[in-house]
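Structure record follows, encoded as structure tokens.
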Amino acid sequence: MNLFEFADLSKNAQGLEAKIDRRIAVVTTNGDNLNETGFGTNKTCRIICDHIRERFQHVTFHEVTDVSALNLIIEESPDLVVLCSKYVLDSDQVTRIWFSEFFDQYDIAYTGSDRSALEFDSNKSKAKAILLNSGIATANFFLTHPNQFETEEQLPLPLPLFIKPLDAANGNGIDENSLVNTFSEYTKKVDQLFALYGATCLVEEVLSGREFTVAVLEGADTQLRQIMPIEIIPPMNVKGDRVLGFAEKRSNEEEIRPVEEPLFSAVSALASAAFTALDARDFGRIDIKLDEAGKPHFLEANLVPGMTPETSYFPRTFGSTMTSNNAAHKAMTEKEIVWRIVELGLMRAKSTAPVSGIPVC
């Protein structure tokens with residue numbers, strides 16, 4: 001279905017498909033000192049860049065360390081910037097320079113959500129508050145810091161509780177001690193996270209049901225949005241709990257299962273509604289968990305999800321045959337996912353001329 005056309009894809013003299021004449025800058029940063037790593041390592045981002053080079057003529061790669069590097073990209077005047085990360089730390093190593101906000105100043109199109117939506121990715125409590133106001137279920141929660149409460153009775157919610165960093169991703173700060181059953185465990189975990197991240201902690205009621213992550217990829221309009229859920233089953237830890245934390249994600253210890261009806265439709269609908277309510281754009285991942293009655297609840301959004309094929313949920317979900325047999329969906333390779341993301345971004349690029357091309361469906 002040809003719903004969006006870009007550039008002349010006529011064959012060259014050798015009968016090969018000609019590359020599209022667009023200037024694309026791929027932007028990442030060193031994530032060693034960040035709680036959020038975006039698409040992944042420098043290696044992953046270079047692989048993404050190579051995929052784009054297979055389809056487009058002028059593609060440059062930039063590992064940004066400061067504003068001067070961003071200014072060099074502006075001088076290139078790209079049609080599109082592919083954002084593999086959300087921000088880079090300024091010279092003070094504290095202030096965030098948001099890539100989306102920077103390129104908006106110069107009216108340069110970029111992939112993914114804008115600065116305001118990405119704030120919901122980086123601040124879990126803001127996302128939960130927005131969704132509650134939209135009538136979307138999420139676990140009850142409160143924010144805290146060390147020594148805020150002196151006794152268990154002062155806690156806004158009863159134990160057990162789940163504690164995690166407010167703005168970290170990829171399971172950072174989550175381990176077997178994140179699920180707390182006593183007040184001493186609560187205070188110890190809050191103190192630990194504050195020492196590591198120097199920020200407020202998010203404390204949630206414990207949802208005891210199954211856990212899912214749902215990949216969302218836009219089409220030419222919301223009616224063509226592709227939504228792919230998978231169930232995630234973390235291994236049982238030494239305490240007998242199943243907690244999906246940094247160690248489990250990094251070592252691929254969790255089990256991935258297909259999602260059958262009626263849950264397929266239920267978690268997909270919630271993910272799509274959450275994606276819309278957060279004003280997210282192009283692509284993202286929505287994490288969902290069931291309560292004891294089996295009702296889906298929003299956990300958090302990842303709007304710059306990992307793209308490492310072997311370990312990241314986003315490409316594994318769309319590339320999985322476990323969901324592709326659903327009549328409404330088709331499995332996609334990592335390369336096809338990257339091309340789709342670029343196509344969606346180019347739809348917003350001023351210099352993009354509609355000629356014969358690549359479908360977005």
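The values are calculated or read from the model by the stated rules, or taken from the named source; none is laboratory data. Model, not experiment: these values are computed from the prediction. Cβ placement follows ideal geometry from the backbone for every residue including glycine, while neighbour counts extend to all protein chains displayed. These area figures cover heavy atoms from the full protein model, side chains too; ligands, DNA and RNA do not enter into them. Shrake-Rupley method; radii C 1.70, N 1.55, O 1.52, S 1.80 Å.
Based on the mean of other Cβ atoms within 10 Å per residue, sort peptides 197-208, 66-77, 339-350 so the most packed one is first. Could the numbers behind the result be given before it?
Numbers: 197-208: 18.6, 66-77: 13.3, 339-350: 20.1.
Descending packing order for the listed peptides: 339-350, 197-208, 66-77.
Would you kindly state how much longer the chain becomes between Glu76 and Asp21 on full extension, computed as 0.36 nm times their sequence separation minus their alpha carbon distance, in nm to one decimal? Kindly include the intermediate steps, with their values, before the conclusion.
Numbers: separation 55, 0.36 × 55 = 19.80 nm, distance 1.46 nm.
This chain segment gains 18.3 nm when fully extended.
Which whole-number percentage describes the relative contact order of region 63-134, with Cα contacts under 8 Å and a sequence gap of 6 or more? All intermediate terms of the calculation are to be shown ahead of the outcome.
Details: 60 pairs, mean separation 18.1, N = 72.
Taking the mean separation of contacting Cα pairs over the length of region 63-134, I get 25 percent.
Once both labels are modelled 7 Å past Cα along the beta-carbon direction, what's the Thr182-Ser208 spacing in nm?
2.1 nm
Report the net charge of residues surrounding Phe142, where surrounding means a beta-carbon distance below 13 angstrom and charges are Lys +1, Arg +1, Asp -1, Glu -1.
Taking every other residue near Phe142 into account, the sum is +1.
Under a crude label model (7 Å from the Cα following the beta-carbon direction), how far is Asp107 from Leu132 in nanometres?
Taking the two extended label points, one gets 4.1 nm.
What does the charge add up to near Leu157, with Lys and Arg as +1, Asp and Glu as -1, over the other residues with Cβ less than 10 Å from its Cβ?
Cβ neighbours under 10 Å give a net charge of -2.
For region 52-198, what does the relative contact order come out to in percent, with C-alpha contacts under 8 Å and a separation of six or more? Display every interim value, and only then the final one.
Values: 130 pairs, mean separation 21.3, N = 147.
Relative contact order for region 52-198 comes out at 14 percent.
Leaving ligands, DNA and RNA out of it, report the carbon-plus-sulfur percent of the accessible area of region 85-127 at a 1.4 Å probe.
That share works out to 45 percent.
From the phi of every residue in region 121-133, what ³J(HN,Hα) in whole Hz does the Karplus formula 6.51 cos²θ - 1.76 cosθ + 1.60 yield, where θ is phi - 60° and glycine or proline is x?
5, 7, 10, 5, 5, 5, 5, 4, 5, 4, 6, 4, 5
Can you list the residues, at least 5 places off or on another chain, whose amide H is less than 5 Å from the amide H of Tyr87, using H built in the peptide plane?
For Tyr87, whose amide H was placed from the backbone, the distant partners under 5 Å are Phe99.
I need the phi-derived Karplus couplings for region 136-144: 6.51 cos²θ - 1.76 cosθ + 1.60, θ = phi - 60°, integer Hz, Gly and Pro marked x.
9, 5, 8, 5, 4, 7, 8, 9, 8
If the cut-off is 25 Å between C-alpha atoms, which lysines fall inside it for Lys239, apart from same-chain ones fewer than 8 positions away?
Within the straight-line cut-off, Lys239 pairs with Lys164, Lys188, Lys189, Lys249, Lys289.
Separation between the Leu89 and Arg53 pseudo-spin-labels, each 7 Å from Cα along Cα→Cβ, expressed in nm?
The answer from the label model is 3.0 nm.
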